[in-house]
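Since the structure comes first, as structure tokens, the remarks are kept for the end.
The values are calculated or read from the model by the stated rules, or taken from the named source; none is laboratory data. Small disclaimer: the values here were computed from a predicted structure and weren't measured. Here the Cβ is made from the backbone with ideal geometry for all residues, glycine too, and neighbour counts use every protein chain on show.
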Amino acid sequence: MLEKLGVKAYKIGSDDAVNIPFLKYIAKIGKPIILATGMCTMEEVRESVSAILGEGNNQIALLHAVTSYPTHAENVNLLAMKAMMEEFDLPVGYSDHTVGTVACVGAVAMGATIIEKHFTVDKNAEGPDHMLSADPQEMKSIVDQVKTLEIMMGSGIKTPADSEKITRINNRKSIVAAINIKKGEILTLDNLAIKRPGSGIQPKFYEQLIGKVANKNIDEDSILSWGDFS
């Protein structure tokens, strides 16, 4: 029936995660498969993935899941999702059965490429999963939070943000004259200090300046430059 309807991919629920004959049957169709892995051991996930690959279908995405309705925080185990990322060269996501949005957003922060969340228009309706399902407002909140988080993730390169260019100078510190220093005086621990802003010689050079001789008069609180001593 689903093939007649022209579905583009198949989501396999955790209840069929180890149903190898069924997985092989779906795999032969040749369409992408999203496989939930609730209740599974890692070895069982390996067997299921192997069965699908064995039918010549490598279009697989895995979902970490906990098949408890609802799933409590102590059972979520998002690190298992990371373990599957390391075990398989496949997209890995998270199928959420917790109450609220924290787990979904946390999973995205940990690298989930797919998020599945049950949806309802009435959390008080009969059935085991309405209470943990997202209503329209909550689903929008998840989407908005994930979009914001994706922006926050950035490039991964540790470098100052554009917004830090000014504060990088204003908030850092430089080596300054602690008191008035006369030309010919030796720079010592007593006549040098470290203060804002960071537009002068960086504090990491502090010890190198000790023992140098001032080649000009330097006023108290003046930021030292390399030309002020020899």
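Quick notes
- Test for Gly111: is it of a type in the set (Gly, Ala, Ser), surrounded by fewer than 18 Cβ atoms within 10 Å (Cβ to Cβ), free of Cβ contacts under 8 Å to residues at least 60 places away in the same chain and in contact with a Lys or Arg (Cβ under 8 Å, 6 or more places away or on another chain): yes
- Matching entry among Ile169, Ile210, Ile151, Ile194 (being over 30 Å from Thr71 (Cβ atoms), out of contact with any Pro (no Cβ under 8 Å at 6 or more places or on another chain) and free of Cβ contacts under 8 Å to residues at least 60 places away in the same chain): Ile210
- The set of residues from region 213-224 being without any contact (Cβ under 8 Å) to a residue 40 or more places away in the chain and either among the charged types (D, E, K, R) or part of a loop (DSSP other than H, G, I, E, B) (or both) comprises Asn215, Lys216, Asn217.
- Pick from region 27-52, criterion outside any loop (DSSP other than H, G, I, E, B) and free of Cβ contacts under 8 Å to residues at least 12 places away in the same chain, ranking: farthest from Asp129 (Cα to Cα): Ser50
- Qualifying residue in region 82-94 (condition: among the aliphatic types (A, V, I, L, M), surrounded by 17 or more Cβ atoms within 10 Å (Cβ to Cβ), over 23 Å from Glu47 (Cα atoms) and modelled with pLDDT of 95 or more): no
- Any hit, region 51-63, residues being within 27 Å of Phe22 (Cα to Cα) and touching a Cys at 6+ places or on another chain (Cβ under 9 Å): no
- Enumeration of residues in region 101-113 that are out of contact with any strand residue (DSSP E or B) (no Cβ under 9 Å at 6 or more places or on another chain) and either part of a loop (DSSP other than H, G, I, E, B) or more than 30 Å from Ile52 (Cα to Cα) (or both): Val102
- Breaking point among (1) at pLDDT 95 or above; (2) outside the structural domain of Asp221 (by TED's automatic domain parsing), for Asp129: (1)
- Condition met for Val18 (surrounded by 13 or more Cβ atoms within 10 Å (Cβ to Cβ), over 26 Å from the mean Cα position of the chain (by Cα) and aliphatic (A, V, I, L, M)): yes
Listed here are the residues, each with its yes/no results for (1) modelled with pLDDT under 95; (2) touching a Ser or Thr at 6+ places or on another chain (Cβ under 7 Å); (3) among the polar types (S, T, N, Q).
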{"site": "Lys24", "(1), (2), (3)": "no, no, no"}
{"site": "Lys31", "(1), (2), (3)": "no, no, no"}
{"site": "Ile34", "(1), (2), (3)": "no, no, no"}
{"site": "Arg46", "(1), (2), (3)": "no, no, no"}
{"site": "Asn58", "(1), (2), (3)": "no, no, yes"}
{"site": "Ala65", "(1), (2), (3)": "no, yes, no"}
{"site": "Pro70", "(1), (2), (3)": "no, yes, no"}
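- Once region 198-211 is narrowed to residues that are surrounded by fewer than 16 Cβ atoms within 10 Å (Cβ to Cβ) and assigned to a loop (DSSP other than H, G, I, E, B), the residue that is farthest from the chain's Cα centre (by Cα) is Gly211.
- Flag for Glu116 being closer than 22 Å to Ala73 by Cβ and in a strand (DSSP E or B): yes
- Set side by side, the residues Asn124, Asn77 differ, and just one is over 30 Å from Gly198 (Cβ atoms), surrounded by 11 or more Cβ atoms within 10 Å (Cβ to Cβ) and not charged (D, E, K, R), which is Asn77.
- The set of residues in region 130-173 that are outside any helix (DSSP H, G or I), surrounded by 14 or more Cβ atoms within 10 Å (Cβ to Cβ) and of a type outside the set (A, V, I, L, M, F, W, C) comprises His130, Ser133, Asp135, Arg172, Lys173.
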